[in-house]
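These notes concern the structure reproduced below.
The values are calculated or read from the model by the stated rules, or taken from the named source; none is laboratory data. Computed from a prediction, not measured in an experiment: that's the story for all the values here. Cβ: placed from backbone, ideal geometry, glycine included. Neighbour counts: every protein chain shown. Note: areas computed on protein heavy atoms with side chains; ligands, DNA, RNA excluded. Shrake-Rupley method; radii C 1.70, N 1.55, O 1.52, S 1.80 Å.
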Amino acid sequence: MTDTGQSLDILIIQKIQKETLKDKRIIRATGREVQTRTAKPVMTEPAPMQTPMQIHTDDKPVAQHRKKTPLALPIIDEEMKAAALAALDEKLVMGESVYRFEEEFAKYCGTKFAVSTNSGTTALSTTLQALGIGPGSEVITTPFSFIATANAVLHAGAEPVFADVEDAGINLSAQKSRGKINSKTRAIMPVHLYGHLAAMDEFMGISQEEDVKIVEDACQAHGAEFGDKRVGSIGEAGCFSFYPAKNMTVGGDGGMITTNNEELAEAAMSIRDCGRNKGSKYHMGRIGYTSRLNTVNAAIGRIQLKRLDAWNEARRRLASRYRRELENVEGVDLPPSDKNGNNAVYHLFVIRTKTREKVKDHLEKNGVETGVHYPVPIHLQIPYKQSYGYTEGAFPLSESLSEEVLSLPMYPTLSEDEVVRICDVLKDSLKG
């Protein structure tokens, strides 16, 4: 392979070309005159990420010369590439790798069932639909998350109702959520933002007292632990995203639903597969969607899952180093610390600073890529302002976060020496 950074599309096309050459040899040997066509390599538009994908030739990263320290750096190694190519010999849709991936992910999370989808957003909306949550229902969630959290509620036909974040935190407040419950409330959707756990003990207490379902948005928290349980196994269901910048990926978009509820799982399997009845091809019991996970993506996901715990431990070590370097720096607030035996997975390492733009610009000028997750809270995004009449001041803590948060580089192959350099540049930005 001459370009270690080439896309999965190129790998697939190369396999097609090999098969085409084999067909040509058969044609010459048999004397058959059959017209053949050779595929040409075509590069597709890359996923909307600012950072490159890191390619491994084995388990060791290839040295790459970059001007910048990227914000995120997904890993695709030789075993993942081989698994992707091997999956081309399976059914391309709902092949064996899909079912194996679901089984392995359920076991990893500690649930009876896992249902794969084509994205984390789809996982969220499908879960709500599988629970019978739709028109006339309300789902309480946070305004400080990626917009897909609230969009998924709308996709299911229900209404999103926002409650502000905790007074001294980043996640949805359980007590503020309780104050939003009414006769239409069917579920609460807390987000484990940046890989930090929401207050699940409080949410589960509310669930029992108020008879509402808890659906975990775990799209940024693969492998995070709440005591002796992993996220995705605590509420009625958990939903994950495998977008390339997440703690694990499938080499593109993908999602997963985890649950112990067999009825929910079977409904989700139907909804993601055009509404098909179990075991049938053309008998549909629901209005479903074509939102399955591709077999090739599942094959990559199976290998990524094997690496996840080690990668999460690396993220925790890097987070500890960031904390040591920045804990006494005036003008910088660090992410929430783990409490009550919880174990965050640091999808992002996010600080708060009132001089964000100055800090961000200085880091960028010194070759450090940063991000803002998220500069506009959901309730102030145009569709939500237009539909629900939200204005500034509706959720002041979420709005304050949007003005101050700054994501620093975080990925498993980032070195501690590089973390020290990043922190030195950050400290220099605060002088004067």
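Summary of values
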| quantity | calculated |
| --- | --- |
| Where Lys278 falls short, out of the listed (1) part of a helix (DSSP H, G or I); (2) open to solvent by 70 Å² or more (accessible area, probe 1.4 Å) | (1) |
| Odd one out for Tyr99 among (1) within 21 Å of Met248 (Cα to Cα); (2) in contact with a strand residue (DSSP E or B) (Cβ under 8 Å, 6 or more places away or on another chain); (3) hydroxyl-bearing (Ser, Thr, Tyr); (4) surrounded by fewer than 21 Cβ atoms within 10 Å (Cβ to Cβ) | (2) |
| Scope the range 214-231; condition within 14 Å of Phe105 (Cβ to Cβ) and β-branched (Val, Ile, Thr); matching residues | Val231 |
| Any hit, the range 299-315, residues being out of contact with any His (no Cβ under 9 Å at 6 or more places or on another chain), open to solvent by less than 10 Å² (accessible area, probe 1.4 Å) and more than 23 Å from Ala72 (Cα to Cα) | no |
| Close pairs (6 angstrom Cβ cut-off, 6 or more residues apart or separate chains): more than 22 Å from Ala221 (Cβ to Cβ) and touching a residue at least 40 places away in the same chain (Cβ under 8 Å) in the range 256-277, part of a loop (DSSP other than H, G, I, E, B) and open to solvent by less than 40 Å² (accessible area, probe 1.4 Å) anywhere | Ile271/Gly288 |
| Which listed residue is on the phi > 0 side of the Ramachandran plot and out of contact with any Asp or Glu (no Cβ under 6 Å at 6 or more places or on another chain), from Gly285, Gly252 | Gly252 |
| Residues of the range 138-161 satisfying the condition of being surrounded by fewer than 24 Cβ atoms within 10 Å (Cβ to Cβ), part of a loop (DSSP other than H, G, I, E, B) and of a type outside the set (A, V, I, L, M, F, W, C) | Gly157 |
| Residue list for the range 410-432, filter: of a type in the set (Val, Ile, Thr) and closer than 17 Å to Ala72 by Cβ | Thr413, Val419, Ile422 |
| Those residues of the range 368-403 which are of a type outside the set (A, V, I, L, M, F, W, C), farther than 30 Å from Glu138 by Cα and either open to solvent by 10 Å² or more (accessible area, probe 1.4 Å) or not in a loop (DSSP other than H, G, I, E, B) (or both), in sequence order | Glu369, Gly371 |
| Complete set of residues in the range 319-360 that are of a type in the set (D, E, K, R) and assigned to a strand (DSSP E or B) | Asp333, Arg352 |
| Test: Lys180 is touching a residue at least 40 places away in the same chain (Cβ under 8 Å), surrounded by fewer than 21 Cβ atoms within 10 Å (Cβ to Cβ) and farther than 28 Å from Pro396 by Cα | no |
| Pairs with Cβ under 6 Å, 6+ apart, first in the range 142-170 and on the phi > 0 side of the Ramachandran plot, second open to solvent by 20 Å² or more (accessible area, probe 1.4 Å) and charged (D, E, K, R) | none |
| Failed criterion for Gly134 (all others in (1) in contact with a Gly (Cβ under 6 Å, 6 or more places away or on another chain); (2) closer than 21 Å to Ser241 by Cα hold) | (2) |
| The one condition in (1) open to solvent by less than 10 Å² (accessible area, probe 1.4 Å); (2) closer than 27 Å to Leu397 by Cα; (3) part of a helix (DSSP H, G or I) that Thr127 fails to fulfil | (2) |
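Let's see how each residue does on (1) more than 16 Å from Asp253 (Cβ to Cβ); (2) open to solvent by 10 Å² or more (accessible area, probe 1.4 Å):
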position	(1), (2)
Ala84	no, no
Ala87	yes, no
Gly95	yes, no
Glu103	yes, yes
Cys109	yes, no
Lys112	yes, yes
Thr121	no, yes
